[in-house]
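Encoded as structure tokens, here's the structure I'll be asking about.
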Amino acid sequence: MRKGDFMDKRMAAGLIVIVFLLIPFSCREAMAADQSEGPGMLEGQIDNIDIEEIQQLLNSLNQEVEGYMPRLDAGEMIKAFATGKLDLTAGQIIKGIGRYLFAQVLANVNLLTKLLVLAVIYAVLYNIQNSFSNGAIGELAQIVCMLVLIAVAIQSFNLAVGVGSSVIDKMVLFMQALLPALLALLAATGGVTSMALLQPVVAVSIGVISTFFKEILLPVIFFSAVLAITNNLSEKFHLSRLASLLKQGCIAALGLVLTVFTGIMAIQGVTASTIDGVSVRTAKFAVDSFVPIVGGLLSDTVDTIMGCSLLVKNAVGAFGLITLFIIVAFPVMKIISLVLIYKIAAAVIEPIAQGPLVKCLNDMSNSLLLLFATVLSVAVMFFISVTIIIGAGNTALMMR
């Protein structure tokens, strides 16, 4: 071998060694630059989330709660959750809900006045019934008065059912807009298996639950309320057992659906997050062990990016939970205000009216409470869905 060739080979080997020695320093400088640009990278990820449809829903919500809540902006709220600088407090939400409830009660004073006037007329007719030569005339007048009261009650209950149906529609639309972004961020944190398992379960559950509650449960609750009110029309006409059967069936259906849904979501979330945690940990070990020199730096860089995505995912999830609560809380205050009106009316007219009238108003308030519980159950299921998606990514992060 010639001396010149030997010297060329030594120079090439030296250059290779120098390059490999410089790679770690270059990687560290790149990582330092990425860390210095962490807030910018975080904002960049948030800006890339498609929130146009979510903001459209928030604009409609802002119009409904204007004057009771600060204006809600999806992008600003997600960034505030990610940086821990949220201006919206629990006190502001509770205060706004309280003011809204008081305003709804005042708005329903007209209904309370109608109920009290009808109760007074009913009591007067009952007390002068013996003055008629034929007692059937007085009884007929009482029945007419009861029919008017039942018409008023059914009309108000129908409005409450409409409010409940509208709230379910809004929650479904919001979940359909939120879930794609939330599941995509879950996959970015390494939760690919979690996304693959949870996406069909949540998507099918949203459609099935909304259809079941809107098309089956709400009409059954309305029909049971009509039967409970009609049962008080005459002592010779009894429907209390049938009305009670329908109400108990609705309560049993609520408990069964909530239990099954919670169990399925919890099992899927725990199983998927465990698989994701083991998979990501294995991948990190493989990169660290088999990629020479820069393997550890690459795995740390990927871990940093996943951590950033996890932070954004948690911020989007927290934003979703708060928004879901606001979507539900304000409209259902209309139902609660009707419950208060009927409870107050029953308490006020009890000294002057007979049992059937008081029982009719009390049954009406109980049916409204069942409607309130139904809408709240749908909200709880959606809360559980978002919470489990958030928890799936967090569990996988802890395992790796």
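With a sphere of radius 13 Å drawn around the Cβ of residue 105, what net charge do the other residues whose Cβ falls strictly inside it have (Lys, Arg +1; Asp, Glu -1)?
Details: positive: 99, 334, 343; negative: none.
After counting each charged neighbour, the total is +3.
Ok, one more. Go through 85/214; 247/334; 95/247; 85/170 and tell me which ones have a Cα-Cα distance over 29 Å in this structure.
Over 29 Å apart, Cα to Cα: 85/214; 95/247.
On the principal axes of its Cα set, how long, how wide and how thick is the range 163-223? Give whole Å, largest value first.
Extents along the principal axes: 49, 18, 9 Å.
Turning to a different aspect of this structure: Can you check what the net charge comes to around residue 207, using other residues whose Cβ is under 14 Å from the Cβ of residue 207 (Lys, Arg +1; Asp, Glu -1)?
Every neighbour counted, the sum reads -1.
Show me, bin by bin at 10 Å from 0, the whole-percent P(r) of the range 319-392 based on Cα pairs.
Result, from short to long distances: 18, 35, 22, 15, 8, 2 percent.
Only the coordinates and a few stated rules stand behind these numbers; no lab work does. It should be emphasised that the depicted structure is a prediction, and the values quoted were computed from it without experimental measurement. Positions of Cβ are generated from backbone atoms using ideal geometry, with glycine treated the same way; all protein chains shown enter the neighbour counts.
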